Amino acid sequence: MNKKLKVTIVILFSLVALQSCFKDEPLNAECDIEQAYIHTDNPEEVFFNVTDTIVNVPYDASQIVFNVRRHADVAALALHFRLTEGATIVPENGSVQDFSAGPVTYTVTSEDGQWNRTYMVSVNKVATITETEIAIDFENYELEPEKKKYYIWHNVLGDGSLGNDWATGNPGFRISMSTAKPDQFPTTPLAEGLDGAALKLETKDTGPFGKMAKILLAAGNMFLGTFDLTNAIMEPLAATRFGIPFDKKPIKLTGYYQYKPGDKYQNKEGKTVEGKTDIGNIYAVLYRNHDSEGNAIVLHGDDVKTNSNIVALADLEITTTTTEWTPFEFEFNYLSDIDMDLLENRGYNITVVFSSSKDGAFFEGAIGSCLKVDKVRLICEEEE
């Protein structure tokens, strides 16, 4: 039994009405793009890495993005797709399309012709980051477009458009608490922060389904990367995929926070740990995104601070209770030297992570722990 079918059975058993297509279908509805790839004779002239030619598509995604070099010609590219069995796609699989004017819409139809789903596919020209102080604000949020069940956040790209580099565990929480309102999810916006909107993260009880799945709490979190809902039940630590390509040398993180731990710290079995208080966590990691053989690397919940490819880590544990906006500033600790040629070619990934419970990834913490964050800045080294 494959992983996707296992997830489907678990979710159907719990009566959670998640949908893969736009109609009321179970999670394994057969109208999905599973993988997208671009073939080119000279990939090194178009892409930063050969592995960038392939995008594995989570089944809950509706946007597919390829990142290419700034001078790449994107006016005539043939995209190929691996679809769920029996599905068809329009425009035709492998047909040449012009991506220079923006995203191209693809429609996938199931084998029986009853179900369909659309994807927006973009080929983005990536320019070198010019700022040495990168603003991380939380102004650009909205309800998830398809179901409007929870909030998502966007980052501002170099051309002023909005990207999708921020992820949260909200999609996973929806599996366990399908009746929750958007403001009841672990990660929510705070309309009035220190300066405009802020981020609110709160550790939540996952309810009866969480007990059945032995995932008893969900920490509020946000991170640069993606959340793979396919793994949320069977391999939850693999669901968080940390990091996006980065071409600057980070020096420190600054910003403001408020924090209040929950009343009772519990272990992953749900038993109260007497004398232990929850800890909030803000951290950032810079790591090599390919190994020596050219294989792509991504960090997950179980190795985001320990993987051998990490070159720098900045880690702030929040142990002080405060209801006032409290400034923070902490530096990156470099474990190895930066390869500047690799850096210029986006050979490193960076993630910035906010969590209401430091050990929330291992389902330990205190229900009700609340971390609020605003006006974060990632400070990078100035180029000579």
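The values are calculated or read from the model by the stated rules, or taken from the named source; none is laboratory data. Being a predicted model, the structure only gives us computed values, none of them experimental. We place every Cβ from the backbone using ideal geometry, glycine too, and count neighbours over all the protein chains shown. These accessible areas exclude ligands, DNA and RNA; they are computed on the full protein's heavy atoms, side chains included. Shrake-Rupley method; radii C 1.70, N 1.55, O 1.52, S 1.80 Å.
Could you list, in sequence order, the residues of the range 360-384 that are part of a loop (DSSP other than H, G, I, E, B) and within 19 Å of the chain's Cα centre (by Cα)? Spell out how you get there, then give the answer.
So in the range 360-384, the residues part of a loop (DSSP other than H, G, I, E, B) come out as 363-364, 367-369, 381-384.
Within the range 360-384, just F363 meets the criteria.
Looking at (1) over 26 Å from K260 (Cα atoms); (2) among the aliphatic types (A, V, I, L, M); (3) at pLDDT 95 or above, which one does L229 not meet, given that it meets all the others?
For L229, the failing item is (3).
Looking at the range 59-83, which of its residues are in a loop (DSSP other than H, G, I, E, B), among the aliphatic types (A, V, I, L, M) and closer than 22 Å to E111 by Cα?
Scanning the range 59-83 gives a single hit, A61.
How many residues does the range 364-384 contain that are buried (at least 24 other Cβ atoms within 10 Å of the Cβ) and more than 18 Å from Y259 (Cβ to Cβ)?
Counting residues in the range 364-384 that are buried (at least 24 other Cβ atoms within 10 Å of the Cβ) and more than 18 Å from Y259 (Cβ to Cβ) gives 1.
For the range 254-359, which strands (runs of 3 or more DSSP E) that fit wholly inside it have 1 or more residues that are farther than 22 Å from D374 by Cα? Give the steps one after another, and end with the answer.
Working: elements: 280-288, 310-318, 322-331, 348-355.
Here the list reads 280-288, 310-318, 348-355.
Scanning the range 277-313 for residues that are farther than 15 Å from Y348 by Cα and of a type in the set (S, T, Y), which turns out surrounded by the most Cβ atoms within 10 Å (Cβ to Cβ)?
Y283
Being touching a Ser or Thr at 6+ places or on another chain (Cβ under 8 Å) and among the acidic types (D, E) is the filter here; which residues of the range 229-270 pass it?
Once the filter is applied, which keeps residues that are touching a Ser or Thr at 6+ places or on another chain (Cβ under 8 Å) and among the acidic types (D, E), the range 229-270 yields only D247.
Out of all the residues in the range 144-166, which are over 16 Å from the mean Cα position of the chain (by Cα) and modelled with pLDDT of 90 or more?
Of everything in the range 144-166, those that are over 16 Å from the mean Cα position of the chain (by Cα) and modelled with pLDDT of 90 or more turn out to be K148, K149.
Which residue pairs have Cβ atoms under 7 Å apart, sit 6 or more places apart or on different chains, and have a first residue in the range 100-128 that is among the acidic types (D, E) and a second that is assigned to a loop (DSSP other than H, G, I, E, B)?
Every condition considered, the pairs that remain are E111/E30; E111/G86; E111/A87.
If we keep just the residues of the range 159-205 that are in a loop (DSSP other than H, G, I, E, B) and touching a Leu at 6+ places or on another chain (Cβ under 6 Å), which is least open to solvent (accessible area, probe 1.4 Å)?
T203
Take the range 131-158 and flag every residue that is hydrophobic (A, V, I, L, M, F, W, C) and either open to solvent by 50 Å² or more (accessible area, probe 1.4 Å) or part of a loop (DSSP other than H, G, I, E, B) (or both).
A135, F138, L143, V156, L157
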